[in-house]
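What follows is a set of notes on a single structure, which appears directly below.
Quick note: the coordinates plus some simple rules give every number you see, no bench work behind them. All of these numbers come straight from a predicted model, not from anything done at the bench. Cβ placement follows ideal geometry from the backbone for every residue including glycine, while neighbour counts extend to all protein chains displayed.
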Amino acid sequence: MAASNNSATYDFLVIGSGPGGYVAAIRAAQLGLKVCVIERENLGGICLNWGCIPTKALLRSSEVFHLMHRAKEFGLSAEKIDYDLPAVIKRSRGVAKQMEGGVKHLLKKNKVDVVMGDATLAGKGKVSVKTDKGTDEITAKNIVIATGARARQLPGLEGDGDLVWTYRDALNPPRMPKKLLVIGSGAIGIEFASFYNTLGAETTVVEVLDRVLPVEDAEISAFAKKQFEKQGMTILEKSMVKQLDRAPNKGGGKVTAHIEADGQVKKVDFDTVISAVGIVGNVEDLGLEAAGVTVDRTHIVTDEYCRTGVEGLYAIGDVAGAPWLAHKASHEGVMVAELVAGGHPHPVKPSSIAGCTYCHPQVASVGLTEAAAKEQGYKVKVGKFPFVGNGKAVALGEAEGMVKTVFDDKTGELLGAHMVGAEVTELIQGYVVGRTLETTEEDLMNTVFPHPTLSEMMHESVLAAYGRAIHI
């Protein structure tokens, strides 16, 4: 893989090699463009190295651990079940390392030049890169900013790597928490809460809004909350951590959290806190202001084709705003590459991008919630189907869950789909395809789903919206 010369010229230059950046680079190379990627840390970016992938490796370990404790239900015997946290972490880091190597191979295979260093816009079509060997200047006809985002740090709640952890600390922990506080119940917070709770940490989740997983449909959030509480989690909604008092010592440490709810503040002691209160875009030190790029609340403002308004300059992925999802970044990268190469790609539609949370039980959704659909003036038909009515779910021992679909009563358009339960992060794509193809309820009802599968619940939920469900 080639490094840059002191002066090099490209058709297509990408700053950042996360799931948006490296995918954009590969697609541009496939289309015959001369391409360069600049990365300051790890190929694959945060998602692959410190986000999506290693967290799923951790969650798989906790899932297997949970299943081993259920062995008797399946007619099996397992004794002295335990875990080795360093080995669990080692596997997770190994998975991330393997995937990073895969990205390196793909870039090399597609003849994409990679420069390791810090990039700054240095004028029209120019980028200055500080490397360990000095400073290079690279010229490119088109520049894509794919610098991603990082954890938001609230005053007084900042991570310290010891008692208060960010997601990076939680992925490579110095110890197993005994009494854990997770601040924030979005995807990042609830996944870490699920992992550590399953391994035995006494876990409390604090959410400032009125329900956990607040972007999800209200019924799905309520169902998930009940499952989390059954697993031993304490869920505090409409609550806020106002202050953390830290008392480190050689034998351990203590954090006293000041938690406000209903106008009252209670002090609760924990040995570990994970702060998961959102993200901020990586927009600093890029020269954006001098280039004429508009930044709004740490995110670059773009149009539907990821154009910044500055000729030849694009922004994709988390740095360009919500939804903050790796698959959204990847498709934006492909779209920009095809646009630059002279194609006519369709813009990415956020409303047809699925959101997935890999806690236990899993949660997945696409499109409008029932409440949002009604707020937008739709008269809706809603269908629901429980996992307990599905033969495959019962056979798997995963009978807790539900599928919910929301349709426009007037046109039959699938407005949204929402799921909680085993493997719903795999199932949701069926509804995503349906929305992309502008499928109606009739199309879905006339589709034959294989038996026995979990996907049959998707069919039954559609049928239920129109009073035609069979198995409930």
**Asked** For the range 313-390, what size does the Cα cloud have along each of its three principal axes, sorted from largest down, in whole Å?
**Response** 49, 34, 22
**Item:** the range 329-472 - convex hull of the alpha-carbon atoms, volume per residue in Å³
**Value:** 125 Å³
**Item:** Normalised convex hull volume, the range 1-139, alpha-carbon set, Å³ per residue
**Value:** 124 Å³
**Request:** Calculate how large, on average over all directions, the projected area of the Cα convex hull of the range 393-472 is; give the answer in nm² to one decimal.
**Result:** 5.0 nm²
**Complete:** In nm, the gap between the two label points placed 7 Å beyond Cα toward Cβ at D132 and A87 is 3.4 nm
**Prompt:** For the range 55-125, what mean projected area does the convex hull of the alpha carbons give, in nm²?
**Reply:** 8.5 nm²
**Prompt:** In bins 20 Å wide, starting from 0, what share of all Cα pairs of the chain does each bin hold, as a percent?
**Reply:** 22, 51, 26, 1
**the chain, relative contact order [Cα under 8 Å, separation at least 6], %** = 14 percent
**Asked** With each label point set 7 Å from Cα along the Cα-Cβ vector, what nm distance links L437 and Q243?
**Response** 5.9 nm
**Asked** Which shape class, rounded, prolate or oblate, goes with the range 113-221 when its Cα gyration tensor gives a ≥ b ≥ c as root eigenvalues, a/c under 1.5 marks rounded, and past that a/b bigger than b/c marks prolate?
**Response** prolate
**Message:** Just to compare against my own numbers: the Cα pair-distance distribution for the range 161-251, 5 Å bins, whole % per bin, please.
**Reply:** 3, 13, 25, 25, 18, 11, 4, 1, 0, 0
**Prompt:** If we count every other residue with Cβ under 15 angstrom of A261's Cβ, Lys/Arg +1 and Asp/Glu -1, where does the sum land?
**Reply:** 0
**Message:** I need the fraction of alpha carbon pairs in the range 221-349 separated by more than 20 Å, rounded to a whole percent.
**Reply:** 65 percent
**Message:** Largest first, please: the extent of the C-alpha atoms of the range 400-443 along each principal axis, to the nearest Å.
**Reply:** 32, 18, 13
**Item:** Kirkwood Rh and Cα Rg combined as Rg/Rh, the range 297-338
**Value:** 0.93
